[in-house]
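What follows is one structure encoded as structure tokens, with my remarks underneath.
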Amino acid sequence: MRRVNLFSAPLEDASDRPDGFGFAFARLAPQLGAKLVGATIYELPPGQTTFPHHYEYGCEEWLLLVTGRPTLRDPEGEHELEPGDVVGFPEGPEGAHAVTNRTDEPARVVILSTKGFPAVAVYPDSEKIGVWTGNEDDDVMVGRESDVDYWDREL
């Protein structure tokens with residue numbers, strides 16, 4: 001049996017991220033041998049956010065709050081979460097979210113997600129779209145303003 005404990009799993013440092021988006025993490029799928037569902041523990045220090053506000057296509061996510069009281073920003077506004085809360089983020093704009101720790105104590109969240117390629121994330125605050133194909137050479141992050149006509153560079 002493969003098992004990971006949400007409270008004591010060893011975490012990797014991600015302090016190389018920009019200020020305001022720092023955390024430690026542990027990817028659970030490789031440890032559990034999972035292929036179709038992903039899960040990551042995020043230890044979120046005070047004042048940090050997991051990722052910029054975003055929503056996805058090709059991926060459904062759930063958040064499980066293990067410890068702490070971070071603030072969830074979603075299409076309905078901001079909500080303080082409490083340990084044991086589970087929140088689902090469907091595909092598309094109705095699943096937009098960001099998690100920020102505005103308290104003085106660390107927060108530990110688990111994000112579970114369906115896995116598959118291609119995957120698309122939209123960042124409405126910064127007007128970016130990311131596409132992940134499963135092949136790093138074909139992955140791209142673009143600004144919405146870079147929209148081109150379908151026939152651009154074909155004729």
Lone unmet requirement of (1) farther than 18 Å from residue 10 by Cα; (2) modelled with pLDDT of 95 or more for residue 67:
(1)
Looking at segment 102-131, which of its residues are within 23 Å of residue 12 (Cα to Cα) and either assigned to a strand (DSSP E or B) or in contact with a helix residue (DSSP H, G or I) (Cβ under 6 Å, 6 or more places away or on another chain) (or both)?
107, 108, 109, 110, 111, 112, 113, 114
Just a yes or no: is a residue in segment 142-151 assigned to a strand (DSSP E or B) and either of a type outside the set (Ser, Thr, Tyr) or exposed (fewer than 14 other Cβ atoms within 10 Å of the Cβ) (or both)?
yes
On the basis of being touching a Gly at 6+ places or on another chain (Cβ under 7 Å), more than 27 Å from residue 10 (Cβ to Cβ) and surrounded by 19 or more Cβ atoms within 10 Å (Cβ to Cβ), does residue 55 make the cut?
yes
Picked from segment 1-16 (must be among the small types (Gly, Ala, Ser) and under 14 Å from residue 45 (Cβ atoms)), the residue least open to solvent (accessible area, probe 1.4 Å) is 14
Would a scan of segment 53-63 turn up a residue that is more than 23 Å from residue 32 (Cα to Cα), without any contact (Cβ under 8 Å) to a residue 24 or more places away in the chain and in contact with a helix residue (DSSP H, G or I) (Cβ under 9 Å, 6 or more places away or on another chain)?
no
Starting from residues that are in contact with a strand residue (DSSP E or B) (Cβ under 6 Å, 6 or more places away or on another chain) and part of a loop (DSSP other than H, G, I, E, B), keep the ones in segment 21-52 and report whichever is surrounded by the most Cβ atoms within 10 Å (Cβ to Cβ).
23
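Yes/no per residue for (1) touching a Lys or Arg at 6+ places or on another chain (Cβ under 9 Å); (2) open to solvent by 70 Å² or more (accessible area, probe 1.4 Å):
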residue: 71; (1), (2): yes, no
residue: 78; (1), (2): no, yes
residue: 86; (1), (2): no, yes
residue: 94; (1), (2): no, yes
residue: 109; (1), (2): no, no
residue: 116; (1), (2): no, no
residue: 120; (1), (2): no, no
One residue from 91, 82, 56 being within 20 Å of residue 132 (Cα to Cα), modelled with pLDDT of 95 or more and in a loop (DSSP other than H, G, I, E, B):
91
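The values are calculated or read from the model by the stated rules, or taken from the named source; none is laboratory data. Predicted, not measured: the structure shown is a model, and the values here were computed from it. Ideal geometry is used to build each Cβ from the backbone, glycine not excepted, and the neighbour counts take in all protein chains shown. Just the protein is used for accessible areas: all its heavy atoms, side chains included, with ligands, DNA and RNA removed. Shrake-Rupley method; radii C 1.70, N 1.55, O 1.52, S 1.80 Å.
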